[in-house]
């Protein structure tokens, strides 16, 4: 249950930076979601949500596996989020014009936020487990 909660929180709130940026600059707040749809064939909100679910589940599982060997915490989560951004946006994403067209800064901020949220949530879960063992 803890990993599900970790994933949900990070997947939902990790997109806050780009959403706020879009709203403040008059851009489409769903642009990133629509662009993610191109990973599944073509842009669109429904496909984008599915793509985001798949990608965020994958990265949550990867970060949880790393955290088991070396606890991430907030700082480690931020670094991990930046590494995820490099892979998602600069390696995979550059093959998708809709992803490439997104403003870089807000997208990187989303990924760092995702990593911070995963790292913080995993740390909180670990501390809760440890306190029940005492």
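Some values worked out for this structure:
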| item | result |
| --- | --- |
| Folded to 0 to 90 degrees: helix 45-69 orientation relative to the chain principal axis, Cα | 30 |
| Residue-span extension gain [residue 58 to residue 5] - 0.36 nm each, minus C-alpha spacing | 17.6 nm |
| Equivalent ellipsoid dimensions for the chain as semi-axes, Å, which come from the Cα gyration tensor, largest first | 28, 14, 13 |
| Sum of -39500 (n - 2.57) over DSSP H runs of 4+, divided by residues of the chain (222 nm, nearest 500) | -24000 deg cm²/dmol |
| Folded to 0 to 90 degrees: helix 16-25 orientation relative to the chain principal axis, Cα | 30 |
| Cα-based helix-to-principal-axis angle, 104-133 vs the chain, degrees rounded to 10 | 20 |
| For region 73-134, the Rg and Dmax computed from alpha carbons only, in angstrom | 15.1, 53 |
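FYI, it's all coordinate maths here, none of it is from the lab. In this text, all values refer to a predicted model and were calculated from it rather than measured experimentally.
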